[in-house]
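Input: a single structure, listed below in structure tokens.
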Amino acid sequence: MLLKRWLTAIVLIPVLLLILLKGSPLVFALLIVLVSIIGMSEYLSILSSQLNILTGYPTASARPIPLKVKAVAYTASILIIFAAYLDSPAMMLSLTALNVIAMALVVFMEFGRERPGGIPNKSGSVPNRGGSVLGAVSAEIQGILYIPLFLSFLVMIRNMENGAHWIIWLWLIIGLSDTGAYYVGTYFGKTRLSPHISPNKSLEGAMGGLGASALVGGVYSIVFIDEASFILSILFSVTAAAAGQLGDLFESALKRAGGIKDSGTILPGHGGILDRFDGLMFAAPVAYIFKVFLL
């Protein structure tokens, strides 16, 4: 497993650095569109598993996420990131609102056609199919906020002055937070951080991750981030790392609710896109706030 993780990283890291440092903002935006679409696909798969668990459908008759929900989710993901590429937060907000309206239409089209009856579950009761549609719609709205909207902050940061280095900075902070938490937690972890969501994570590991992020974040800012003072850089590093750890726990909660271990298999040794980008997605709005409002 560790060998696969390292091999995947050795292949992907140079490609990502090349796109960030040499590619145009449009190329980076297209990369984020791809990440968003794959991430949304993984999210909807998790959602499908979760809804089938909650509504009691037998595995053989599990009802998939309606195609209309998927179509709206993928379209909204592309448009929101394109709006970020155009540096238009107002358009991003408008598209998010339109997504809610589109989902309301999906509820009308899907729920309005539901008929009484259905397939009994093991207890003999009939699952509420309409409820599963409503659950899929509400979770899709959450997914739009969680995946394309959060990722769009990376696109806006990339378009700013020194934006590529800010993203690399954020990337290193989240990466070192994960690494520091893993090794400190492995050797010194005693206090479970959230045993019902992620039993292997410890409070000691989380603190070790924050410390590692502060160290690498402070060093990187001295060399590449001229506009940030050292004190503010340390504050940003710790805050972004904490947001990243929260994002990791959030994704773990999603997977636990869906009864799965990894969100996908697209990245050998790492799992899915959500497994790899969960912390970065939560940290991206924090980076945007620091860069735009606190510097």
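Its Cα centre serving as origin, the chain has a Cβ charge dipole (Lys and Arg +1, Asp and Glu -1) of approximately 900 debye. Given the pairs 4/261; 201/261; 68/255, which span a C-alpha to C-alpha distance of over 21 angstrom in this model? Checking Cα-Cα distances, 68/255 exceed 21 Å. Taking every alpha-carbon pair under 8 Å whose residues sit at least 6 apart, region 162-295 reaches a relative contact order of 25 percent.
Exposure proxy ranking for 34, 44, based on other Cβ atoms within 10 angstrom of each Cβ and starting from the fewest, stands as 34, 44.
Mean residue ellipticity, 222 nm, helices only, the chain: the sum of -39500 (n - 2.57) across DSSP H runs of n ≥ 4, divided by residue count and rounded to 500, is -25000 deg cm²/dmol. In this label model, residue 34 and residue 134 are separated by 4.0 nm, measuring between points 7 Å along each Cα→Cβ vector.
Read-outs: derived from the displayed coordinates by stated rules, not from any lab. Computed from a prediction, not measured in an experiment: that's the story for all the values here. A quick note on method: Cβ atoms are made from the backbone with ideal geometry, for glycine too, and the neighbour counts reach across all protein chains shown.
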